[in-house]
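The values are calculated or read from the model by the stated rules, or taken from the named source; none is laboratory data. A quick note: this is a predicted structure, and the numbers were derived from the prediction, not measured. With ideal geometry, Cβ positions are generated from the backbone for all residues, glycine too; neighbour counts draw on all protein chains shown. Calculation scope for accessible area: heavy atoms of the full protein, side chains included, ligands and nucleic acids excluded. Shrake-Rupley method; radii C 1.70, N 1.55, O 1.52, S 1.80 Å.
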Amino acid sequence: MTTTAESPAGNRQQARDIAVAQAAQTELCRRYFKEHFLEFVYIDEKPNPLMGIQGGKKKFERWPHLMNLVDSLTEHRLIDLLKARQIGASWTVSAYAAWLLRFFESAQILEFSRGEVEAKNLLKKAKYIYKNLPEYMQLPIGSDSNSEFSIPQQNSSIVAFPSTEDAGRSETATLVIQDEADFHEYLEANYNAVKPTIDAGGQYVMLSSANKARGTTIFKNIFKGAPANGWHPVFFGWDVRPGRDQEWYESRRKEASDSPEAQRLGIDLYMEQEYPQTAEQALAPSAVSAKFNHDALKDMENDIRKPYRIVNDINLYVAPRPNRRYVAASDISKGVGADYSVTVIMDVGTTDIVADIVSDSLEVDNFVEQSVKMLEMYRKPLWAIENTGLGLAAVTTAKMSMYPRLYKRRTRGGRTDIGWNTDEKHRWILWNDLGSLVDSRGLILHNRMGLNQFYDVIKNPQKDGRVEAVQNGHDDYPMAVGIAYQMLNEPLGQSPAQEFNGLFGDNSPTLAPNW
């Protein structure tokens, strides 16, 4: 005798019930990425027999930090994620991309990676997640290559690019992902090409560990400026992943010591790059190679504030006072759009930078003109212009302006030259004195960009400890401040350099400054 369940009608009812349940589950996944879709996500875990990891298909784990990332993805358009390595962020973002691909009609997702291999591997994550969804949740696949994955029925696709200057230009994107962004060779050009693709309402996610071989980058600047710049900052250190403790960290450090990357950077710098514990540690140059004490720089951040007045390109932080004495200095950039041209005015008694001009767009003549206007507000203090490169043109322009108190120096040949000569001898003295001033918490800065440049200054181990900006970083502001401090020290006889048996003879003023 055939039961109802075994009858054709019973089988049809059972099939309908299953179809209804599957349709309901699919609809819940469409509506709720965090609560439902992630329940069906599987990742491809790499095996590690020494740690007892079998590898292969593994259910996505809802680690607390990844749930925080999921909340960010579903609540914010612009996300800058600074992170340690191997904490599951790329898989989480790939799951989000797969969700958009499947459930949102005409979703166009652009993925950018360091190179072609990395682009292929990032796309593979989203493809793996999609292909391991329940069959009833999948739709027929269109393109399935190393650079594109699409669902024609949804008119949706994921396209993977290696990072180049024009990659993704003129596309219209629902979501842009830049994985390991700080290591992209053309990060800024690629950003400028791609950012307009989401301005109509799309979403932009940058995620990366910090590239310690590079200084200031758009990835780091966005993170430092968030959330005031409209971006949502997220940081995950090495210890957010379950199972990681100090013993794990020390073991990883020991294992990594002989790796080529650790050999190139040094093990301390390598660990700060790959496995930082704090955002400050990730963003700052290595404490081992940094010229300035990071704790002191952190304390100096308490003095950062907006100018009380801005006149064209001039920033005024402390009003000129009749009973104060001032000195000024300029470091001129190598060209418009390259480094920065900087003029600072320092209060002699407080070593407070009371006013400044910082520009990467002003031509030399215009920069000098603005500098003269600023100096006139502070009763025309002694002004030292570094006279190398374009600084020579600045000196000529300043002389033509008839500025009355330009710093002069005597050469060994007895000639009098205008401007500060930063040869290796005086360069060493300048950085040494400035470092001592920072260590003593004696320097007061108000310009955020200027202070950030102090973090960029390192003792380059590949150049016998020569003090300079880290790759792609800037030292223009610290150099201008350092020259100003030398102007303060020389005539007052306070510089340790005076002890070097006349080393300052080549750079001493012909006349005592008239403040």
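Measure out, as a whole number of angstrom, how far apart the alpha-carbon centroids of region 379-442 and region 216-288 sit.
Cα centroid to Cα centroid, the span is 38 Å.
Using all Cα-Cα distances in region 156-315, what percent lands in each 5 angstrom bin from 0 up to the longest?
Spelled out per bin, shortest first, that is 1, 7, 13, 16, 16, 15, 13, 10, 5, 2, 1, 0.
Tell me which aspartates and glutamates have Cα within less than 19 Å of Lys58's Cα, excluding those fewer than 8 residues away on the same chain?
Excluding near neighbours in sequence, the set is Glu35, Glu39, Asp44, Glu45, Glu135.
If you count the DSSP beta bridges with both ends in region 115-213, what percent of them are antiparallel, to the nearest 5? Intermediate values should be presented prior to the final figure.
Working: 5 of 10 bridges.
If I count the DSSP bridges inside region 115-213, around 50 percent turn out antiparallel.
Can you give me the Cα centroid spacing of region 78-101 and region 134-190 in angstrom?
Cα centres, region 78-101 to region 134-190: 14 Å.
Compute the distance in nm between two label points, each set 7 Å from the Cα along the Cα-to-Cβ direction, one at Glu61 and one at Ser259.
Going by the 7 Å Cα→Cβ label model, 1.9 nm.
Would you kindly calculate the mean projected area, averaged across all directions, of the convex hull enclosing the Cα atoms of the chain, in square nanometres? Numbers along the way, then the final one.
Numbers: hull surface 122.3 nm².
Average of the hull's projected areas for the chain equals 30.6 nm².
Over 23 Å between C-alpha atoms is what I'm after, so list which of Lys34/Lys83; Lys57/Lys127; Lys124/Lys220 land there. Walk me through the numbers before you get to the answer.
Working: Lys34/Lys83 21 Å; Lys57/Lys127 13 Å; Lys124/Lys220 27 Å.
Over 23 Å apart, Cα to Cα: Lys124/Lys220.
Can you tell me the accessible area per residue over region 104-158, all protein chains present, probe 1.4 angstrom, in square angstrom? Kindly include the intermediate steps, with their values, before the conclusion.
Details: 2650 Å² over 55 residues.
For region 104-158, the solvent-accessible area averages 48 Å² per residue.
Note the full-extension length gain between Lys373 and Thr416 as 0.36 nm times their separation in residues minus their Cα-Cα distance, in nm to one decimal.
Working: separation 43, 0.36 × 43 = 15.48 nm, distance 2.58 nm.
Full extension from Lys373 to Thr416 adds 12.9 nm.
What distance in nm separates the simple spin-label points at Gln138 and Arg309, each placed 7 Å from Cα in the Cβ direction?
7.0
Given H placed 1.01 Å from N in the peptide plane, which residues other than close sequence neighbours of Arg466 have an amide H under 5 Å from its amide H?
Asn460
Share of Cα-Cα pairs in region 257-350 beyond 17 Å, in percent? Provide the component values of the computation, followed by the final result.
Working: 3088 of 4371 pairs.
It works out to 71 percent of all Cα pairs.
Hey, got the Cα dimensions of region 340-446 along the principal axes, in Å, largest first?
39, 35, 26
Could you name the lysines in cross-link range of Lys463, using Cα to Cα under 21 Å and dropping any fewer than eight places away on the same chain?
Lys212, Lys291, Lys425
Give, to the nearest whole percent, the P(r) tail of region 102-167 beyond 14 angstrom, counting all Cα pairs.
Values: 1220 of 2145 pairs.
When every Cα pair of region 102-167 is considered, 57 percent fall beyond 14 Å.
As a test of reading the structure, rank Asp71, Asp476 by solvent-accessible area (1.4 Å probe, protein chains only), most first.
On the way: Asp71 45, Asp476 10 Å².
So the residues, ranked largest to smallest area, are Asp71, Asp476.
When N is the residue count of region 191-251, what does its C-alpha Rg come to as a fraction of 2.2 N^0.38 Å? Write out the running numbers ahead of the final one.
On the way: Rg = 15.5 Å, N = 61, 2.2 N^0.38 = 10.5 Å.
That works out to 1.48 for region 191-251.
I'd like the carbon and sulfur percentage of the solvent accessible area for the chain, probe radius 1.4 Å, heavy atoms only, ligands and nucleic acids excluded.
Accessible surface attributable to carbon and sulfur in the chain totals 48 percent.
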